[in-house]
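The values are calculated or read from the model by the stated rules, or taken from the named source; none is laboratory data. Not measured: the values here are computed from a predicted model. Note that each Cβ is placed from the backbone with ideal geometry, even for glycine, and that neighbours are counted across all protein chains shown. The protein model used for the area step is the full one, side chains on, heavy atoms only, and it has no ligands, DNA or RNA in it. Shrake-Rupley method; radii C 1.70, N 1.55, O 1.52, S 1.80 Å.
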Amino acid sequence: MSHRRPWPPVGLLVFFLAVLGPLPGCVDEESVFGGRPFSDDPAPVAGGFLGYAQGQAAEPVCAGCHAVPAAQWRETGHAGAWEALQASGAAQAFCENCHTVSQLGSAETADAGWATTGDARYHDVQCESCHGPGETHVSNPQASQPIPSLAVGVGLQNGCGECHQDTHHPFVEEWSLSPHSQVVGFAAAREECEGCHRGQGTLKRWGVNSQYLEKDSPEHLAVVCGVCHDPHDATNEHQLRFPVATTSIESHLCAQCHNRRSAPDANSTHGLEPHAPEAALLVGDAGWFPPGSIIDQGEIFGTHGSGANEELCATCHVSSFTVRDAATGDFAFSATGHLFRPIPCLDPQGIPLPFGETCELSVEARSWSGCTEAGCHSSADAALFAVTEATNRIQELSDDLVALLLQVDPNLADAEGEIDGTDPTFNVAEGAFFNYSLSIHGNSEFGTNSVVGSTVHNPFLMQALLAASIQAVEDEYGVMLPQVVDWDAMLLEILRATQR
């Protein structure tokens, strides 16, 4: 083993770079030092993994050249993974390979790093945990580039899933059953859609220029971990690329994609039906607001879209909780919320089931942790009562509106009628049909005639839009419901309810 002098501190290297310009061997704008960093060579059995510069904790050898990403990495949970394990009170030997530099996380499959040496230089989840062994690259930076993969899958032997899995933290198992794991082929292949339906397209739209193996691949990445989470940057909680604890829905992570066609578009053949309108609905901007109505955009929002719900979408859709054995009370499963299903159905053990697994809307059949643990509702019974009451009101209004629209156009959205998406002329019936479609949007898991989704996102706005649409259709086309209702009085009552 050779012995080399300690390499200069990163701050001094940055100073020399500023004064002298880039040094020989720098490979990009984030590099500050060329040539092989000075440190002891790793043991041959380490598999080419370098880890920390010998005797310098939190100073990966990689930081000798890549100071900026290394500085960002030091702020992440990965940088303190070993200490976190030791402080957990549950540290065991089989946990260690995920809290160190080992063969897990990269394309390496043979034991390496910590697994073969037990050397403290491999403590924590360092650069090489994802990029792979760096010895060859450090010896000749231009000859090889250790580029990581962003692919995720339960059976893959690389990537986030090698550690973020199993009953204690089944992020990848749950994600693999979620809609985010599914690539919608035709949408991913369309340039105007790939910004949300293709992982590579989403990262490109967000200005992420980092290199990863799948970046230029014709194969479509789904919305994998590395799309929403930044491996290097801990600016936002959970290393998210956009915040979820924010009062601005426009800057919310989920709204980057779940904020599309929230109002009718007469220039699109699909423009009479919403497409990912959830964020706008949450804050009161979604829907068709009939001209002359007493309601307006942004005026009506429910508690779920207010400052009382700090994480907005994430509160309900990413709810984590622990499942314990009913008989013994022992740990059984840790739900991470990465099914992204609000109030999920539960299996007999209490483990959440993915979208598509249906069950009744009851306290016993579903988990209500997202409703109760965030402080919005005092109990599961209170949450169920609130959603049931609001759903009943909105379901009745939704049924009334579609009954009126069938009088105006028995074909509804089919071509040749008052409601026709292929005709660029926009009318009252089409606006009302959009609001009806908004009320039933995304509710297949609850049944074909259900409005639970729109109810939870914004019950006050949904009631108001349906009531205003009924009034507009009656006035425009002279059709009537069997019952006589003072729709303006109903709207005023809804407005008063939002101001209490």
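Structure summary
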| item | result |
| --- | --- |
| Test: residue in segment 305-313 that is of a type in the set (S, T, N, Q), buried (at least 23 other Cβ atoms within 10 Å of the Cβ) and in a loop (DSSP other than H, G, I, E, B) | no |
| Checklist (1) at pLDDT 95 or above; (2) open to solvent by 10 Å² or more (accessible area, probe 1.4 Å); (3) under 27 Å from the mean Cα position of the chain (by Cα) applied to residue 461, failing item | (2) |
| Selection status of residue 81, within 20 Å of residue 42 (Cβ to Cβ) and either outside any strand (DSSP E or B) or open to solvent by 20 Å² or more (accessible area, probe 1.4 Å) (or both) | yes |
| Members of segment 129-171 found to be of a type in the set (D, E, K, R) and not in a loop (DSSP other than H, G, I, E, B), listed by number | 135, 162 |
| Extreme residue, farthest from residue 306 (Cα to Cα), among residues of segment 235-253 that are among the hydrophobic types (A, V, I, L, M, F, W, C) and open to solvent by less than 40 Å² (accessible area, probe 1.4 Å) | 240 |
| Count of segment 317-337 residues which are open to solvent by less than 30 Å² (accessible area, probe 1.4 Å) and either closer than 19 Å to residue 243 by Cβ or of a type in the set (Val, Ile, Thr) (or both) | 4 |
| Residues located in segment 371-391, provided they are assigned to a helix (DSSP H, G or I) and over 18 Å from residue 454 (Cα atoms) | 372, 380, 381, 382 |
| Residue list for segment 31-51, filter: of a type in the set (A, V, I, L, M), modelled with pLDDT of 90 or more, in a loop (DSSP other than H, G, I, E, B) and within 39 Å of the chain's Cα centre (by Cα) | 50 |
| Complete set of residues in segment 489-500 that are surrounded by fewer than 13 Cβ atoms within 10 Å (Cβ to Cβ) and modelled with pLDDT under 85 | 496, 499, 500 |
| Residue, modelled with the lowest pLDDT, within segment 311-363, restricted to residues that are under 27 Å from residue 279 (Cβ atoms) and among the hydroxyl-bearing types (Ser, Thr, Tyr) | 358 |
| Qualifying residue in segment 285-298 (condition: over 17 Å from the mean Cα position of the chain (by Cα) and farther than 21 Å from residue 464 by Cα) | no |
| Search result, residues across segment 172-211 that are among the charged types (D, E, K, R), at pLDDT 95 or above and part of a loop (DSSP other than H, G, I, E, B) | 198 |
| Any hit, segment 346-365, residues being in a helix (DSSP H, G or I) and in contact (Cβ under 8 Å) with a residue 40 or more places away in the chain | no |
| When residues of segment 52-78 are limited to those that are in a helix (DSSP H, G or I), aliphatic (A, V, I, L, M) and open to solvent by less than 20 Å² (accessible area, probe 1.4 Å), the one farthest from residue 105 (Cα to Cα) | 67 |
| In segment 113-126, residue surrounded by the fewest Cβ atoms within 10 Å (Cβ to Cβ) [restricted to those that are of a type outside the set (S, T, N, Q) and part of a helix (DSSP H, G or I)] | 120 |
| Top-ranked residue in segment 93-112 [being in a loop (DSSP other than H, G, I, E, B) and in contact (Cβ under 8 Å) with a residue 60 or more places away in the chain; ranked as nearest to residue 44 (Cα to Cα)] | 112 |
| Scan of segment 377-419 for residues that are of a type in the set (Gly, Ala, Ser), at pLDDT 95 or above and surrounded by fewer than 13 Cβ atoms within 10 Å (Cβ to Cβ), ordered by number | 379 |
| Those residues of segment 127-167 which are of a type in the set (D, E, K, R), surrounded by fewer than 19 Cβ atoms within 10 Å (Cβ to Cβ) and in contact with a Phe, Trp or Tyr (Cβ under 9 Å, 6 or more places away or on another chain), in sequence order | 135 |
| Filter pass, residue 179 being under 13 Å from the mean Cα position of the chain (by Cα) and either within 29 Å of residue 324 (Cα to Cα) or open to solvent by less than 60 Å² (accessible area, probe 1.4 Å) (or both) | yes |
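So that you can scan it fast, the table gives a plain yes or no per residue for (1) in contact with a helix residue (DSSP H, G or I) (Cβ under 7 Å, 6 or more places away or on another chain); (2) not in a helix (DSSP H, G or I):
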residue	(1), (2)
456	yes, no
460	yes, no
466	yes, no
470	yes, no
475	no, no
484	no, yes
495	no, no
